[in-house]
Amino acid sequence: MASSSSSTAIAMNLETVFQDRGSPKKKANQISLSYLPDELIITILSLLPTRTAVRTSVLCHRFQHLWEAPPSLQFNSKDFTLSKIDQFVAMIDHALICRSPSQPLQSLRLELSRYQKIHKDDSFLCSLLVQAHSLGLRHLTIENLWYVVNFLPTIFSIDSLESLSLPIIIPYRFDGFPSRFGLTCLRSLSLRLYLIDSAKLHQLLSELCSLEDLYLHIKSMDRFILSSLSSQTIRKLHLTIGTGNPEFKTFRLFLPSLELFHLENLGFLHIHGEVPLLKRALISLYEVHAEDVNAVTKMLNCISHVEELSLHVTEYWGEKNPIPSFISFKPGNNMPIFPNLKHLGVGRCFHEHDIEAVIMMLHKCPVLESVMLVHEVPNFHHTEIGMKAKDWESKLPLNDDGNCSYAYCTNLHLGENRKELVELLRNRSASKSSFFEDKVESSTPIYFEIKRHKGLPVGFGFCDLC
């Protein structure tokens, strides 16, 4: 799917072509466009929101019906006021219900927040989904439909689907996912769940024999006790957990085919499991308490065979001081060895103990090629609990911008470069702990550079940047 900026550029180009047709230059553009085949114009229109594509029908006679043919359709009820929502329904009806079987539909995206405020009848949406099924629909996304549970039997009967994204499913009138469905080709699934019985989720995943990508957003785990997740086919997992149950602290993965794991966890859970093929991990942990550090270390031991690792750790807002370190040095909590790790990213409040942890990791990553360290500034609004800004200042080395907000170092597979980085970090740490084994001469030249990474976002995903 093209980005919104690309779609905007295409829309602007189409508008420019047909403005001021009396101009010789514009006429030249119009003539050149007339030589484009319908198939190419339809492809361009498929990259636009359907409402924008509909507007091109007034540009010339040739465009009058081309907007009806794109293989991808996007309908957004937010483009219409509540008083004009019937126009939204009419546009869908004309584009989809009246669509010819000779024009297959690959992708359908529906945003229905305003539609459902006016229309409570399920029959229209059911007929729409049935028609999409008859057109061979392969990719379906539904957003902001409160009563999506009413349509699950129809949705799960679309046996041509390869990807499916559903809005949040609430337990009201929800008896479970359909026991029999035709999603035999489904490879990508996105679910947002709120207080749903985990047994119903396990049953669903066990029957999706072709599923490879799973995005699972659990809004609340106060009564959603999901202690494990298992699948033989899932290769990519994006797991977002909103709030935690204080009585539920362990989550186990049984995913023998998993290659990419993206975890966003608010209210930290102790996650471990069997993921032998995992290559990339993006871990974001929010509101971490000091007592959770041991569990972070154990989790890193479970994924220590990865090639790319991004770790983002944020303290619980009530902490008066930074947690001692994002990994544990205590006996019995062995620091993991990363024999295959090539790219490491860490987002933290880098105080001196975290600098020690980074140095230890450098010693445990024999093939490491690059490291990105980003200092995360905490929220200081809670001054009543004694938080002091100076205690949270970055201890990272100076970068080429003259600050300590980030450090991006490459070519660490060269031994001298790694030693130089260790020396820079050691000079920023007040502690000279016993695990510092290598001695580096102060005259050693700097072979690597601490770079500026333009556009680096807060809460970065290092695996996406490499």
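So the values come out like this:
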| read-out | value |
| --- | --- |
| Packing-based ranking, highest mean first, of 303-315, 140-152, 393-405 given that Cβ atoms within 10 Å are counted | 303-315, 140-152, 393-405 |
| Gln106 paired with Asn334, simple spin-label distance in nm, labels 7 Å along Cα-to-beta-carbon | 5.0 |
| Area accessible to solvent at Lys390, 1.4 Å probe radius, in Å² | 140 |
| Protection proxy ranking of 161-167, 201-207 - average other beta-carbon atoms within 10 Å, highest first | 161-167, 201-207 |
| Length added when fully stretched, Ile97-Phe254, from 0.36 nm per residue minus Cα-Cα | 52.2 nm |
| Links that overshoot a 26 Å alpha carbon limit, given the list Lys279/Lys364; Lys298/Lys364; Lys342/Lys419; Lys395/Lys419; Lys219/Lys342; Lys200/Lys236 | Lys219/Lys342 |
| Whole-Hz couplings from phi, Karplus 6.51/-1.76/1.60, listed for the range 72-85; x for Gly and Pro | 10, 10, 10, 10, 10, 5, 5, 6, 10, 6, 4, 6, 10, 5 |
| Förster radius 45 Å - calculated FRET efficiency between Tyr35 and Lys200, Cβ distance, rounded to 0.05 | 0.25 |
| Inter-label distance for Ser179 and Tyr316, nm, one decimal - labels placed 7 Å from Cα along Cα-to-Cβ | 4.4 |
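The values are calculated or read from the model by the stated rules, or taken from the named source; none is laboratory data. Everything numeric here is computed off the predicted structure, so don't read it as measured data. In this analysis, Cβ positions are derived from the backbone assuming ideal geometry, glycine residues included, and neighbour counts consider all displayed protein chains. In case anyone asks, the SASA skips ligands and DNA or RNA and just uses the protein heavy atoms, side chains included. Shrake-Rupley method; radii C 1.70, N 1.55, O 1.52, S 1.80 Å.
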